[in-house]
1. By the scheme Lys and Arg +1, Asp and Glu -1, what is the net charge of all other residues having a beta-carbon under 14 Å from that of P54?
2. How would you rank 310-317, 557-564, 365-372, 249-256, highest first, on the average number of other Cβ atoms within 10 Å across their residues?
3. R0 = 35 Å: FRET efficiency of K188 with A441, Cβ-based, nearest 0.05?
4. On full extension of the chain, what length is gained from E176 through A386, given 0.36 nm per residue of separation minus the C-alpha to C-alpha distance?
5. So which aspartates and glutamates can K182 reach, going by Cα to Cα under 12 Å and dropping same-chain residues fewer than 8 places off?
6. Given the pairs K138/K588; K312/K611; K588/K611, which span a C-alpha to C-alpha distance of over 22 angstrom in this model?
7. List the aspartates and glutamates whose Cα sits under 18 Å from the Cα of K434, skipping any in the same chain fewer than 8 residues away.
8. 5 Å is the cut-off here: which amide hydrogens, built 1.01 Å from N in the peptide plane, fall below it relative to W128, excluding neighbours closer than 5 in sequence?
Amino acid sequence: MKRTVYAALTAALAFTALSSPASAMVRGKPVHGLSIYGEPKYGPDFKNFDYVNPAAPKGGTLRMSGFGTFDSFNPFAVKGTSAGLIQAMGAASYMYFVESLFVRGADEAGSNYCLLCQTVEVAPDGTWEEFTLRPEAKFHDGSPVTADDVVFSFEQLMTKGAPLYQMYWGDVTKAEKTGPLKVKFHFKDGGNTELPGIMGELPVLSKAWWSKHDVANSTLDIPVFSGPYKLDKFEAGRYVVFKRDPNYWGRNLNVTKGAFNFDEIRIDYYRDDDVAFEAFKAYQFDYHTENVSMRWATAYDKSVVDSGLMVKEDIRDGLPDRAQIFVMNMRKPIFADRRVREAVALAFDFDWGNKNLSYGLFAPTSSYWVGSELASSGLPQGEELAILEKYRGKIPDEVFTKPFTPPRTDASGNNRENLVKARALLTAAGWTVKNGALVNAKGEPFEFEFLLAQQSMEKWVNPFFQNLAKLGIKGRIRVVDTTQYINRITNFEFDMMVGGPGESISPGNEQRENWGSASADKKGGRNVGGIKDPVVDAIVEDLIVAKTRESLVAHTRALDRVLLWNWYGIPMLSTPSDWIAYWNKFDKPAKVPMQGPDPALWWYDSVKAAKVDAARGAKK
């Protein structure tokens, strides 16, 4: 599925705006917000975002579910599994518990507005950025948010935080306190156009609290943060309850108006996805993001939905579709050869699975940015072609001669044509079948393990392995709990897994972390597959400093094409929509922002809730 807590907000208009010539970011003066593409949509005197209800009432409880477990309230470290609603960095437009200098504009690409900051200024040459903090900003313990806290946060996260931070902020040379409420970040050069926005996503920590706690370690001590919710109570691994702070310092800001309307948010954890779904149907929690097509098509009680007690919504937003990929661990010798990776991909039969397992609800994955203008298609032209020409001979020839198409079949279950192609590729790569097993020149068999955290994915992997067996490849499935899964992925202890980077409409510095060689060996990093490709590195660096939207699109398409034709992942499926279901206890704004549905903007309707409670026999 697509982003879980994040129809269409005039998608055509949004994409028309994105494809128009980009203006330069406003520089040389203090402003209320920044956009990569010039002036942000909302001016300095705006009252509230268009996609909120500024008069939304406060009150009620929102009950949600968490998958697996949690053992930490520190979202910044590799160690531990942090509890839900604790964003570490820019994970959503709104942050419940941890705050940053900026909040994202959810109906724009590449725009940010001051939250903890009052103003921000970027140097005329782009070599520094200075934030002036709001004097009224407070942590939960009542202490003010100061420049010392911001500098401390940057230094701690760069030295002790997850690899994501080092990759995001790699072009920052220094964080400098220039006044009690002023912080200046110095950059290597002025070419990284996205960096000023990214620095605004810095999570701001309380220096007083975190000086006594190690940012690198997990902790169940409740941290001091500054967000609209305080962590009220919890039982490790079972539930966590957040309560809205009625004295939240930012409750009257234009960027928070209409948001954070529930008095309480409770998250109950379920170790099994099917158990969680049954709990949702039994009215044990209120809001469910669906990611299993068979359930979406058949498992909801039609009479309950038709009665209006439960709502099912299929929402298309303005983001790239969520692409699921079978990620191969490139650190494993069996996946070192591109021909082998393509052969393995040819054994996956999307069309049969989509027809027989998913009621035809999914789409094939033809791009890492599928469903957006950033997706490569056809043959490269214009600037995209010029970018790729620099690497001719270092990238697959097919990049220039064939539009990328994932393996397709007639959905009959007979995958013979693709398996014949796969056999030829494996033979060319030096693999032969002996006694029914595919072996290399040393006689070593081709075997690998598929690591899963959700048992429901087995129905997709088993047919894949059945096709691989026809090639002499032996596969086995290992299903582990969430903690084991995270630990094994963090330490690269897997052969293949289901993944996907969840790309944005405005790619930038995070591409280093997603695909860059420097992140491949960093435990806890996002380059889970361990890709080390100098061409990918070079395109990513040029993408980051793209001067216009058109150039950014061209570089992203070029990167997409190189990733696809190197078969660094097996295209599995994509979901064009968000599937959400909820008990009809809430109201929400009429507009859904480009970044998708967000319960942070909903509010509790006591009349609707009373009807659902009465119908479901809820105990008071």
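Any read-out appearing in this document is the output of simple, stated calculations on the displayed coordinates, not a laboratory observation. Everything numeric in this text was worked out from a predicted model, so none of it was measured. We place every Cβ from the backbone using ideal geometry, glycine too, and count neighbours over all the protein chains shown.
1. On the way: positive: K47, K58, R251, K257, K588, K591; negative: D50, D587.
That works out to +4.
2. Details: 310-317: 16.8, 557-564: 25.4, 365-372: 23.4, 249-256: 18.8.
Per-residue Cβ counts within 10 Å, averaged per peptide and sorted highest first, yield 557-564, 365-372, 249-256, 310-317.
3. Details: r = 46 Å, r/R0 = 1.33.
Once rounded, the FRET efficiency stands at 0.15.
4. Numbers: separation 210, 0.36 × 210 = 75.60 nm, distance 4.00 nm.
Here the answer is 71.6 nm.
5. E121, E129, E130, D148, D149
6. Values: K138/K588 29 Å; K312/K611 18 Å; K588/K611 18 Å.
Pairs exceeding the cut-off: K138/K588.
7. E444, E447
8. Result for W128 returns A123, F187.
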